[in-house]
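Any read-out appearing in this document is the output of simple, stated calculations on the displayed coordinates, not a laboratory observation. Note that this is a predicted model, so its numbers are computed, not measured. Positions of Cβ are backbone-derived with ideal geometry, glycine not excepted, and every protein chain shown enters the neighbour counts.
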Amino acid sequence: MTMLLDKRFERTLDAVLKAERGTSTLELWTFDDRRHRREAEARFAKASISARCRSAYKPLLHFFLEEVERTELAAARIAYPVHEQAAANRFRLEAYPLAGLLEGVDLAFEPRQGDGFVYDVELRFKDGRRQTHSVLAPNRLHGDAQDRPTVSPTGWIVRDGKGPGERLETDYERLFEAICLAATNADWPKSEPFFPELAIDVAYPAEDEALDFSHEVVSLREALHEDLYFTLLDVFHRRSGRAPGDRTLQPGRIVPMVVGRGEKVSARVEVRPIRRFATKANDRPSEPIRSAPGFARIAAELTKVGGTPFEVRSVGGRRIVAHHVSGSDVPVMVSGGQHPNEVTGVLGALFGGQALASKPNAHFTVSPVENPDGYALHQRLCRDNLNHMHHAARYTALGDDMEYRSSGKLWEKEIRVAAQRLTGATLHVNLHGYPSHEWTRPLMGYIPRGFEMWTLPKGFFLILRYHPGWEEPAMTMLDSVTRRLGKVPGLTDLNRRQIALYEIHAGDAGFQMINGFPCHCSLDERSSVPVTLITEYPDETIYGDALVAGYKAQAETVVAAYDAWQVCAPEA
């Protein structure tokens, strides 16, 4: 093992208390949870300092959570800041899920006139009272890990009400910068992968705050996990010299573990041999599946599909097992688990495969867990917090997305090569999911760069890709699938609710609506299969009945696409 960083950081609120004795009043914005900010205010008061400690993360949302009588509110008009180096809707997105929390309130957003990171807020209450507020949203302009200009939330301090105040570099920011700098300056090999596993163990005492709306939670630790993971990918992307947008980087496995135990802020970064994480899911076959199953349960359900097993090995040495059911129908490939934190895709492939197996002339392959190394890592990360997205488990043990491999040893992607060789399939149903709650990267621009369209849930989304000459049968198939999905109880209602909230906070997404389902259709020749239908269910961090509804929708998509393809696939 090679240690790159082992450091403790002084808590920002503690440091300010020591440094500001003699100040009468303070306004602070830090990356601390509500409990620690309230406790700090009490400690400041004992030192004869009148302090108000606010959240630097999502400040407008926290203003409404902590300073507004929401139950008495009738209307709110919010003018949000804009900046030339930030997306036009950036600060509307930061207000999410305010529209959901203010159900029944007349809420309107408009861009603010003038400079400065400030929300202008006008409130009208049910008793006729009116209030106006200026809500500061401290941000700084800086370069990201690839030197692209970025506007990010930051700490702030105002002393004795004098002037606009100044930036306060917080423990949250210093910890993040120290980790990124350690990775940037390390002496890495010249060729990829640079390491087997880069382990980032962080202690940051902050409690998640569940919001009274859908699956939404304010989580500073989840946000830090996301920022660390994707920023470190950017660090190694830049080191590799690849062009922007290239997704073939294979740095090795990056594993940020951000825990909230204790009261210390600390970070350890070390290079370790790759660890094989054992799953600890409930694998008893008699019980309903209401959370991510372990490998034993997956294997048992896959056996029910029947047919002939075939397999390849992952980078970490795990078996990737698929089944081939041979018949006279037009063949179709079904897969899940390319990104293993998207659990409904895994289960949808299993149960969709079982449904197809009951057809008398069925011809298909089903591969439910294409990335078992990531699946095991996801279960390990979930032991600390089930409700975090854990995108570090998204990619393979090489740190890449298997879909983008096109040369050299294909490892996990070999399962698709084998499936197409066995079947000659012209349709691949590739089951995916995306976050069921907001996805943020606060220290690198807030909106996840490269994944902007997935930052908020927007219903069961479908992506259709096709080769030249295949558009007509592909679109005919998609029309049939969406009509059938429209009959699934509750699914169109889910779409309607989520899209309405998405449009309030993000604006017009520009996606095509087909029979009530948001879709993106494009000519794309990357896959060797002429037509690919990709599902995107808002599933990351859903459990119980919500998970069951999700994987049933995925399984129904498998059957609907298979049936439609029997009718509209071009003759061989």
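Within 9 Å, Cβ to Cβ, of Ala560, how many net charges do the neighbouring residues add up to if Lys/Arg are +1 and Asp/Glu are -1?
0
Could you pull out the trypsin sites (Lys or Arg not before Pro) across the stretch 328-399 that fall in loop regions by DSSP (anything but H, G, I, E, B) with no more than 12 other Cβ atoms inside 10 Å?
Arg383
What net charge do the residues around Gly550 carry, taking every other residue with its C-beta under 13 Å from that of Gly550, with Lys and Arg at +1 and Asp and Glu at -1?
Overall, the nearby charge balance is -4.
Only four residue types carry charge here, +1 at the Cβ of Lys and Arg and -1 at the Cβ of Asp and Glu. Report the dipole size of the chain about the Cα centre in Debye, rounded to the nearest 20.
The calculated dipole for the chain is roughly 1120 debye.
For the stretch 1-142, calculate the relative contact order in percent as a whole number, restricting contacts to Cα pairs under 8 Å that are 6 or more residues apart.
After rounding, I find 21 percent.
Taking the Cβ of each residue in Trp470, Trp565, Trp454 as the centre, tally the other Cβ atoms inside 10 Å and list the residues starting with the fewest.
Arranged by neighbour count, lowest to highest, Trp470, Trp565, Trp454 become Trp454, Trp470, Trp565.
In percent, what relative contact order does the chain have, based on Cα pairs under 8 Å that are 6 or more apart in sequence?
14 percent
Quick one: order Asp545, Asp208, Asp187, Asp329 by neighbouring beta-carbon count within 10 Å, fewest to most.
Ascending Cβ contact count within 10 Å gives the list Asp187, Asp545, Asp208, Asp329.
For the chain, what does the helix formula give at 222 nm: sum of -39500 (n - 2.57) over DSSP H segments with n ≥ 4, over the residue count, nearest 500 deg cm²/dmol?
When only DSSP H runs of four or more count, the value is -9500 deg cm²/dmol.
Can you give the angle from 0 to 90° between the axis of helix 171-185 and the longest principal axis of the chain, with both taken from C-alpha atoms, to the nearest 10?
The helix 171-185 is inclined about 50 degrees to the chain.
Roughly how many debye, to the nearest 20, is the charge dipole of the stretch 73-129 about its Cα centre, given +1 on each Lys and Arg Cβ, -1 on each Asp and Glu Cβ, and no other charges?
For the stretch 73-129, the charge dipole is close to 120 debye.
Mind checking the angle between helix 491-506 and the chain's longest principal axis? C-alpha axes, 0 to 90 degrees, to the nearest 10.
For helix 491-506, the angle is close to 40 degrees.
Before anything else, pin down the relative contact order of the stretch 73-129: Cα pairs under 8 Å, at least 6 apart, normalised by residue count, whole percent.
Relative contact order for the stretch 73-129 comes out at 59 percent.
Taking Cα atoms, how many degrees apart are the long axis of helix 34-46 and the longest axis of the chain, rounded to 10 and kept between 0 and 90?
The angle comes out at about 10 degrees.
What GluC sites (Glu not before Pro) in the stretch 231-329 are in a loop by DSSP, with at most 15 other Cβ atoms within 10 Å of the Cβ?
Within the stretch 231-329, the qualifying GluC sites (Glu not before Pro) (loop, at most 15 other Cβ atoms within 10 Å) are Glu263.
How large is the Rg to Rh ratio of the stretch 454-532 when both quantities use alpha carbon positions and Rh follows Kirkwood?
1.01
Over 32 Å between Cα atoms, which of Lys409/Lys552; Lys359/Lys413; Lys359/Lys487; Lys413/Lys552; Lys264/Lys458; Lys264/Lys409 qualify?
Among Lys409/Lys552; Lys359/Lys413; Lys359/Lys487; Lys413/Lys552; Lys264/Lys458; Lys264/Lys409, the Cα-Cα distance tops 32 Å for Lys409/Lys552; Lys264/Lys458; Lys264/Lys409.
Of Ser358, Tyr404, His388, whose Cα points farthest to the positive end of the dipole of the stretch 358-499 (charges on the beta-carbon: +1 Lys, Arg; -1 Asp, Glu; origin at the Cα centre)?
Sorting the options by dipole projection puts first Ser358.
For the stretch 174-272, what is the charge dipole size about the Cα centre, in debye to the nearest 20, if Lys and Arg each add +1 at the Cβ and Asp and Glu each add -1 at the Cβ?
Roughly 640 debye, rounded to the nearest 20.
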